[in-house]
Amino acid sequence: MKQFEKIVGLIDAPFTPFKPNGDVNLDPIPQYAQMLAKNGLQGVFINGSSGEGYMLTSEERMQIAEAWMAAAPQGFKVIVHVGSCCVRESRRLAEHAQKIGAWGIGAMAPPFPKVGRIEELVKYCEEIACGAPDLPFYFYHIPAFNGAFLPMVELLKAVDGRIPNFAGIKYTFESIYEYNQCRLYADGKFDMLHGQDETILPSLAMGGARGGIGGTTNYNGRCLVGIIDAWKQGDLEKARALQNYAQEVINVICHFRGNIVGGKRIMKLMGLDLGPNRTPFQNVTDEEEKRLKAELDAIDFWNHCNIL
């Protein structure tokens, strides 16, 4: 197995900017990258769930990857989600990511066909990872999106020694116990990226969340980075207050169809308009936008959110 650098700090899962007609809009990406870096984010995981990756053509995904590579500040990691229902397209995207110098790649299990066995998942990851043998490959565990409710410790056992560039898991699931068991596997051999902004603090308390990938980091990254900073400084009360505030923000977006829809509209309210969501997502209406802003006003969001 190859040895790769483990990620320290939070990586953002950015939204894909679209024009009003639904075409990809690359123009906001340089400002987007600078904003994330200014607020303490260490990189991006592009074309994933927040980025509506499965609604993009392969050509669009490659254009977006190239745009982020061109815009990335010095030392800013660009990880490319290459998962697809067509493993050959995933392999092609992986090859492209390595060609343009991306820091790493990742893939979630496909929504169709539903993966129901560890060996199926291992084979899927294997075929994709070998398209970019020089890059770390992360499996993106988000079973709520694809129904792949499989035991992740068993996945680690199965890939260990078989997929040379398997670096770890982006773990976006509710089981802090399983997350920690994966972290402890083989004396911490694999990089376990924490993927739930709701539970950074309890994961830190168990020894995890050294690195993570978040969605609400797009607009609430200062707060989430602050949780880790406060923990490192031994200020548990501050870390606890920030984690509770992060949950307040998540409670708001849950009223507006979650991060992909509600969170993306928050970016517009902050002054970085990333356009609409693609079908079949139901976009935030003008009336909903007013209610969204009112709910954010009520929690003093504008004094906590990312600074443009």
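No lab work stands behind these numbers, since they all come straight from the coordinates. All of these numbers come straight from a predicted model, not from anything done at the bench. Glycine also receives a Cβ, built like all others from the backbone with ideal geometry; neighbour counts cover every protein chain displayed.
The table below gives the values:
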read-out	value
Amide H partners (placed H, <5 Å) of Asn25, local residues excluded	Phe18, Lys19
Among Tyr124, Tyr138, Pro113 the positive-end extreme of the charge dipole of region 107-150 (Cβ point charges)	Pro113
In Hz, Karplus ³J(HN,Hα) per residue of region 128-136 (6.51, -1.76, 1.60; θ = phi - 60°; x = Gly, Pro)	6, 4, 6, x, 9, x, 8, 10, x
Signed unit charges on C-beta, dipole axis of the chain, positive-most listed residue Ile253, Ile228, Ala65	Ala65
Label-point separation in nm, Ala294 to Lys99, each point 7 Å along Cα→Cβ	5.2
Val78 long-range amide H proximity, modeled H, under 5 Å	Val44, Trp103, Gly104
Simple Cβ-charge dipole of the chain, Lys/Arg +1 and Asp/Glu -1, about Cα centre, in debye nearest 20	400
27 Å Cα-Cα threshold exceeded, pairs from Lys2/Lys114; Lys77/Lys189; Lys170/Lys290; Lys2/Lys77	Lys2/Lys114; Lys170/Lys290
Difference of contour (0.36 nm per residue) and Cα-Cα distance, Arg162 to Glu59	34.1 nm
Sparsely packed GluC sites (Glu not before Pro) within region 128-187, loop by DSSP, other Cβ within 10 Å at most 15	Glu174
Modelled FRET efficiency - R0 25 Å, Thr279 with Gln31, Cβ distances, 0.05 increments	0.40
For the chain, share of DSSP beta bridges that run antiparallel, in % to the nearest 5	5
Three-way shape label, the chain, alpha-carbon gyration tensor, a/c 1.5	oblate
For region 143-302: span of alpha carbons on each principal axis (Å, largest first)	53, 42, 22
Cut-off 14 Å between beta-carbons: net charge of the residues surrounding Ile250, Lys and Arg +1, Asp and Glu -1	-4
Gyration tensor verdict on region 256-304 (Cα atoms; rounded if a/c is under 1.5, prolate if a/b is larger than b/c, oblate otherwise)	prolate
Integer Hz, Karplus 6.51/-1.76/1.60 couplings in order for region 173-189, x for Gly and Pro	7, 7, 8, 5, 4, 5, 4, 5, 5, 5, 4, 7, 4, 6, 6, x, 4
Calculated from backbone phi, Karplus (6.51, -1.76, 1.60) coupling profile of region 50-59 in Hz, x at Gly/Pro	4, x, 6, x, 6, 9, 9, 6, 4, 5
Gain upon complete extension [Cys130, Cys254; 0.36 nm per residue less C-alpha separation]	40.9 nm
Proxy reagent accessibility, fewest Cβ within 10 Å first, across Thr199, Thr172, Thr217, Thr279	Thr279, Thr199, Thr172, Thr217
Exposure proxy ranking, count of Cβ atoms within 10 Å, fewest first, for Phe145, Phe139	Phe145, Phe139
Interchain or long-range residues, amide H under 5 Å from Asp191's placed H	Gly168, Ile169
Length-normalised contact order of the chain in % [C-alpha pairs under 8 Å, at least 6 apart]	19
GNM top mover of Asp273, Asp297, Asp12 - the chain, alpha-carbon springs below 10 Å	Asp297
Per-residue Cβ neighbour rank within 10 angstrom, fewest leading, Leu274, Leu41, Leu150	Leu150, Leu274, Leu41
